[in-house]
1. Applying the selection to region 46-63, what residues are out of contact with any Leu (no Cβ under 6 Å at 6 or more places or on another chain) and either of a type in the set (Val, Ile, Thr) or in contact (Cβ under 8 Å) with a residue 60 or more places away in the chain (or both)?
2. Which of the residues spanning region 330-384 are among the hydroxyl-bearing types (Ser, Thr, Tyr) and assigned to a loop (DSSP other than H, G, I, E, B)?
3. If you go through region 178-209 one residue at a time, how many are over 48 Å from the mean Cα position of the chain (by Cα) and loosely packed, with under 14 Cβ neighbours inside 10 Å?
4. Which residues, taken from region 410-424, are in a loop (DSSP other than H, G, I, E, B), within 37 Å of the chain's Cα centre (by Cα) and within 20 Å of Gln46 (Cβ to Cβ)?
5. Could you list, ordered by first residue, the pairs with Cβ atoms under 9 Å in which the first is in region 100-115 and assigned by TED's automatic domain parsing to the domain that holds Leu179 and farther than 14 Å from Ala184 by Cβ and the second is charged (D, E, K, R) and in a helix (DSSP H, G or I), at least 6 apart or interchain?
6. For region 290-316, which positions are surrounded by 13 or more Cβ atoms within 10 Å (Cβ to Cβ), of a type outside the set (Val, Ile, Thr) and closer than 24 Å to Gln388 by Cβ?
Amino acid sequence: MRRSLLSLTVASAVCMGSLLGGTAIKTEAESISSLKQKQSDIQNKQADLNSSINKADQKIDSLKGQQVDVQSELTRIGLAIDNTNKGIQDKESKIQDTKVQISKLQDEIKVIQERIQKRNELLKDRARNYQENGNVNYVSVLMGAQSFGDLIDLAGAVATIMEADKAILQQAQSDKQELEQKQAQVQTDLDNLQKMVRDLENLNNKLNSQKTQQANLLGSLQQEEKEATDGKMDMQEQSQILAAQSSAIQKAIQNEQARQAEEAKQQAAAAKAPTSSSGGGTTAAAPSVSSGSFTRPASGSVTSGYGGRTDPFTGAGTFHYGVDIANSGPNVPIVAAADGVVVTAHVSSSYGNVVYISHSINGHIYTTVYAHMSRYMVSEGQTVTKGQQIGFMGSSGEATGQHLHFELYNGPWAYHSAINPTGIVPF
């Protein structure tokens with residue numbers, strides 16, 4: 001789960017604690033010009049954030065463009081894989097046809113072999129006949145001719161027999177050559193087809209490997225875009241808080257000016273009427289409001305203080321930059337810890353219903369944060385007084401039970417600057 005953009009570092013807390021001595025609030029008054037300088041600093045930070053947001057937008061657009069390119073490449077690879085699979089199926093079909101051809105050829109080969117065998121037997125019979133009777137039989141036949149015409153006829157008959165033997169030998173040789181040629185051609189065709197299938201299968205494996213790589217790249221780009229978008233949302237939230245805080249400080253400046261004017265008026269009145277007595281101080285309504293600049297923001301038990309602890313979600317060691325106050329029952333009130341102006345009141349993914357208040361105490365700016373409320377009762381720019389109810393305790397956002405998570409900042413709210421409120425705010 002995305003952690004709050006208000007998560008703070010130990011180093012910042014130690015640094016700010018050392019500035020305050022960890023004991024009491026700096027009481028020296030700051031001038032109006034100092035408050036205006038703080039307002040200017042906030043506006044500069046906001047400008048830097050807006051620049052970072054623009055860069056984040058450019059990165060997100062670039063990542064989306066890269067994803068489109070990867071999607072196109074995946075589509076191309078998918079079509080190539082389809083074509084390769086079709087090629088493999090086509091070649092395998094031809095292999096089957098060639099094997100059928102080979103089977104038929106083998107049947108033909110058997111017929112040719114039988115024909116050759118029969119011719120061989122015939123030639124063997126003739127050879128045995130020559131061996132047993134000799135060529136003299138032909139001579140005797142010729143010598144037995146009664147006339148020249150009879151001799152010509154007998155000679156023609158002998159030549160025909162000898163020519164027939166020669167034809168048998170030639171046919172046998174021709175059949176043998178035909179057999180060898182068919183065997184060689186079919187085997188070549190089969191070898192070529194099998195090589196084509198192997199080549200296509202290798203290409204298919206490469207394409208599938210490329211598809212996996214592109215899919216992994218797409219997943220990586222999508223994750224990077226999500227992280228960039230989350231970061232942009234964090235910066236936008238920071239920018240909104242800074243803008244609201246700038247307005248709150250402007251109102252604090254006006255309040256400080258009014259307070260100084262009222263104080264000067266009272267001093268002038270006191271100078272004119274030195275015997276008059278001062279008022280007995282302000283009274284606070286329930287819940288009890290303590291004396292001093294700050295009061296306890298809620299009743300209940302402190303369940304987690306400022307410092308190291310075990311994260312309730314992950315179980316890992318972490319640092320808690322605030323104080324948790326838990327209380328059961330419905331409608332437990334949350335009050336402003338000091339007089340101030342509401343910086344913002346909104347819903348955060350991690351802090352749930354949360355209120356930020358800027359306080360000007362003797363000209364010094366402090367900021368308090370009230371998180372996990374069930375609902376809040378104030379709005380941005382509203383002036384509140386110490387002890388005024390601003391909402392109800394709850395468990396909204398990343399909370400494991402009903403409680404108030406309270407943070408204190410020495411100065412305007414800023415990333416990584418929360419301080420330990422113990423000893424400053426009475427708990």
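The values are calculated or read from the model by the stated rules, or taken from the named source; none is laboratory data. What you see is a predicted model; the values in this text were computed from it and never measured. Counting neighbours? That spans all protein chains shown, and the Cβs are built from the backbone with ideal geometry, glycine included.
1. If the condition is that a residue be out of contact with any Leu (no Cβ under 6 Å at 6 or more places or on another chain) and either of a type in the set (Val, Ile, Thr) or in contact (Cβ under 8 Å) with a residue 60 or more places away in the chain (or both), then Leu49, Asn50, Ser52, Ile53, Ala56, Asp57, Lys59, Ile60 are the ones that fit.
2. Selection gives Ser349, Ser350, Tyr351, Ser374, Ser379.
3. 7
4. So the first thing to find is which residues in region 410-424 are in a loop (DSSP other than H, G, I, E, B), and the list is 411-417, 420-421, 423-424.
Okay, now just the ones that are also within 37 Å of the chain's Cα centre (by Cα), so 412-417, 420.
Listed by number, the residues that qualify are Pro412, Trp413, Ala414, Tyr415, His416, Ser417.
5. Matching pairs, first to second residue: Glu108/Lys182; Ile112/Asp175; Ile112/Lys176; Ile112/Glu178; Gln113/Asp175; Arg115/Asp175.
6. The answer is Ser290, Gly292, Ser293, Phe294, Arg296, Pro297, Ala298, Ser299, Gly300.
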